[in-house]
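Only one structure is covered here, and it is reproduced in the block below.
The values are calculated or read from the model by the stated rules, or taken from the named source; none is laboratory data. Note that the structure is a prediction, hence the values are computed from the model and not measured. Reconstructed Cβ throughout: ideal geometry from the backbone, glycine too, with neighbour counts over all protein chains shown. Just the protein is used for accessible areas: all its heavy atoms, side chains included, with ligands, DNA and RNA removed. Shrake-Rupley method; radii C 1.70, N 1.55, O 1.52, S 1.80 Å.
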Amino acid sequence: MTACNPPLGGKEAAQGQSQPVKRGPASTVDIIIEFGEGIVLVERKFPPHGWALPGGFVDYGEALEDAARREAREETGLDVELVRQMHTYSDPGRDPRQHTISTVFVAKGKGALLGADDALRAAVFRREGLPSPIVFDHTDILKDYFNGRY
């Protein structure tokens, strides 16, 4: 099977026709990690440069929860306990690289904080002392979190 010929389904399969390839948004996760006296943000190694919530793309065949735990560990060195799924953000302009849909989790972190993988560094911030710039739509996500919107 190739990307040009996805599996057949329904009427198309019965008629021996292939389905057209549909382009859709990429699935991502972001994690608000509560750690110490604040939340963890990472300084990005790759564009767009700035500070962001730990997170990334969901691998094919991977559950959102597993992706959140993996991304948190890869970018911060922390093991996380997922507390809840906060909200899914889907504005097509939320990521300048491509259309993504991000499911945001709130988690509690354990271990030694260490920026790694796509992160130059990881640090803990309080609401009153957030760094700048914060990239993607993460300022809006953090505002929703701090204001208890979801």
Radius of gyration and maximum dimension Dmax of segment 60-144, Cα, Å: 13.3, 39
Quick one: with all protein chains in place, what share of the accessible area of the chain is carbon or sulfur, to the nearest percent (1.4 Å probe)? 50 percent
Cut-off 10 Å between beta-carbons: net charge of the residues surrounding Gly50, Lys and Arg +1, Asp and Glu -1: 0
Report, in degrees rounded to the nearest 10, the 0 to 90 angle that the Cα long axis of helix 64-76 makes with the longest principal axis of the chain. 40 degrees
Label assignment, Cα extents along the principal axes in Å derived from the structure, set (i) 42, 34, 24; (ii) 61, 30, 28; (iii) 55, 40, 23: (ii)
Computed helical MRE - 222 nm, the chain, DSSP H runs ≥ 4 contributing -39500 (n - 2.57), nearest 500: -5000 deg cm²/dmol
Three-way shape call for segment 32-83 based on the alpha-carbon gyration tensor, with the a/c threshold at 1.5: oblate
Among DSSP beta bridges lying fully in segment 23-150, give the percent that are antiparallel, nearest 5. 70 percent
By the scheme Lys and Arg +1, Asp and Glu -1, what is the net charge of all other residues having a beta-carbon under 14 Å from that of Val80? -3
